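The values are calculated or read from the model by the stated rules, or taken from the named source; none is laboratory data. Keep in mind that what you see is a predicted model, and the values were worked out from it rather than measured. A quick note on method: Cβ atoms are made from the backbone with ideal geometry, for glycine too, and the neighbour counts reach across all protein chains shown.
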Amino acid sequence: MQYILIILCWLSGLLYAAGNTSTNNDTPPVARAASPDTNRLLGLPPLPVPVDNPQSPAKIILGNKLFHDARFSIDGTVSCSKCHNDQLSFTDALPVSMGNNGKTGARNAPTVVNAAFNKLQFWDGREPDLENQSKQPLLNPVEHGLTSYEPITNIIRSDPDYQKAFAEVFGLSADKVTIDHVAKAIASFERTVLSGDSAFDRYYFKADKSAMTEAQVRGLQLFVGQGRCVSCHVIEQDQALFTDGKFHNIGIGINQIQKDVPLLTGRFMQAKDPKAEFAKASLEDKRNSELGRFAITREINQVGAFKTPTLRNIELTAPYMHDGSLKTLKDVMVHYNNGGATKTGDRVNDYLSGGIRPLNLTDAQLEDLVAFMQALTGSNYLKSAAKGGN
Ligand code: HEC
Ligand code: HEC
């Protein structure tokens, strides 16, 4: 049955991320179907695939295995899936992630779900695509903690399964495998980690009026109306990624360190290579993380600005925001209703986006917005959520 399914998917031009790869940390494999043009998930645009890294079933299976391999870390416990856990919609349920030897970073792990559509990767957009992104955590001292890629290529060279897979996918003997091949395979796998076909999609794009509850319909009206959410969390006529791919300061984190901003920004103004400077600075002093997009572009209006995240599967990815500081969706709604202040009456910061103003919504309306957010879970994740997380 499984084989017939694979052949059918392949014949009809679907990419099938099959689930029978063995993994190191017993994370159940994922099976998602997506296609660059036909039969794509309801509500998603066509999948962008780089010409130099076409999708193939074997590459996706290899990427899945690499993504879950904890041997690629200094203490043998950290795989990508430690922080991007299949069972938690590819997040880790922590405010900020924990890497090797219990070390923590300054930021919340964003979901990998639909990251394939991101125009830029990371909260501050410092990497252009999935291929380049995936090489960073491996060398990050608080994540995988390796000091070079050599341990990874050594493992691949000594593992018969990898030898076979890299030969099949890239036509290479294992001694020719570089980190770029590893990155390509991981990115291919990530391009199958997609969420669409939610209750909202059926309601909005298929005119199935019974797909959403009354509260969810009211929430959608607020989302596009009085809440003005849609100006950043975009819904298009025929698809919705719930992000504009841009960077905004909505008053998270930076509100608390305003007086430090002149000092912190100064360091970046002088830096020759802002990306390298950020890597250093964020380890030395976590307040640097709060500068957001500014640390990369050095544009003063980007102080405290972070990438608009997708809202798909948002019910499954608490806690929220780049620093994981908001525990529930209701907390998020209250923050927006206050016009960019988490507690009513807190002062907002000087760099706040013009799009963030008090909304004057009632408590019942905030609840409706929360209900709407709960209509954004993809049908393929509803099933895995029912099985329970781990
Ligand atoms: C220790 C936890 C941890 C590990 C391990 C980890 N990540 Fe992440 N990941 C994060 C955090 C935290 C961020 C956000 C960092 C930032 O924006 O500065 C992130 C960001 C990302 C993003 C960007 C998503 C977006 O919306 O911008 C992708 C894609 C991603 N990780 C994939 C991977 C892959 C692939 C691996 C393995 C090679 C990996 N991660 C390993 C914690 C982790
Ligand atoms: C000016 C652009 C903008 C507007 C308007 C806006 N958002 Fe956001 N939203 C963002 C950005 C940027 C973030 C991430 C901010 C951060 O972490 O510092 C975010 C984060 C969120 C998150 C948390 C996502 C996560 O993965 O942590 C939710 C939920 C959310 N917004 C919902 C809404 C709702 C509902 C509205 C309307 C009431 C709204 N947003 C209005 C830009 C916006």
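Looking across A165, A183, A174, A240, one residue alone is under 26 Å from G125 (Cα atoms), in the same structural domain as S56 (by TED's automatic domain parsing), among the aliphatic types (A, V, I, L, M) and crowded, with 17+ Cβ neighbours inside 10 Å. It is A183. One residue alone among N380, N349 is farther than 19 Å from L220 by Cα and touching a helix residue (DSSP H, G or I) at 6+ places or on another chain (Cβ under 7 Å), and that residue is N349.
Only one entry of N85, N64 meets the criterion of being within 16 Å of ligand 2 (Cβ to nearest atom), out of contact with any Leu (no Cβ under 9 Å at 6 or more places or on another chain) and not assigned by TED's automatic domain parsing to the domain that holds F242, and that entry is N85.
Among the residues of the range 287-313 satisfying the criterion of being more than 13 Å from ligand 1 (Cβ to nearest atom) and among the aliphatic types (A, V, I, L, M), which is farthest from D350 (Cα to Cα)? Here the answer is I300.
Answer with yes or no whether V234 is assigned to a helix (DSSP H, G or I) and either at pLDDT below 95 or within 30 Å of A364 (Cβ to Cβ) (or both).
Working: assigned to a helix (DSSP H, G or I): no; either at pLDDT below 95 or within 30 Å of A364 (Cβ to Cβ) (or both): yes.
No.
Annotation: of all residues in the range 339-362 being of a type in the set (V, I, T) and free of Cβ contacts under 8 Å to residues at least 24 places away in the same chain, the one that is surrounded by the fewest Cβ atoms within 10 Å (Cβ to Cβ) is T362. The set of residues from the range 127-140 being within 24 Å of K103 (Cβ to Cβ) and more than 7 Å from ligand 1 (Cβ to nearest atom) comprises E127, N132, K135, Q136, L139, N140. When you look at T77, is it at pLDDT 95 or above, hydroxyl-bearing (S, T, Y), within 16 Å of ligand 2 (Cβ to nearest atom) and assigned to a loop (DSSP other than H, G, I, E, B), yes or no? Criteria not met by T77. Report every pair of residues separated by at least 6 positions or lying on different chains whose Cβ atoms are under 6 Å apart, first residue within the range 286-301 and among the hydroxyl-bearing types (S, T, Y), second surrounded by fewer than 23 Cβ atoms within 10 Å (Cβ to Cβ) and not in a loop (DSSP other than H, G, I, E, B). Sorted first by the residue in the range 286-301, then by its partner, the pairs are S289/S282. Within the range 203-223, the set of residues being within 13 Å of ligand 2 (Cβ to nearest atom) and closer than 18 Å to L42 by Cα comprises just one member, L220.
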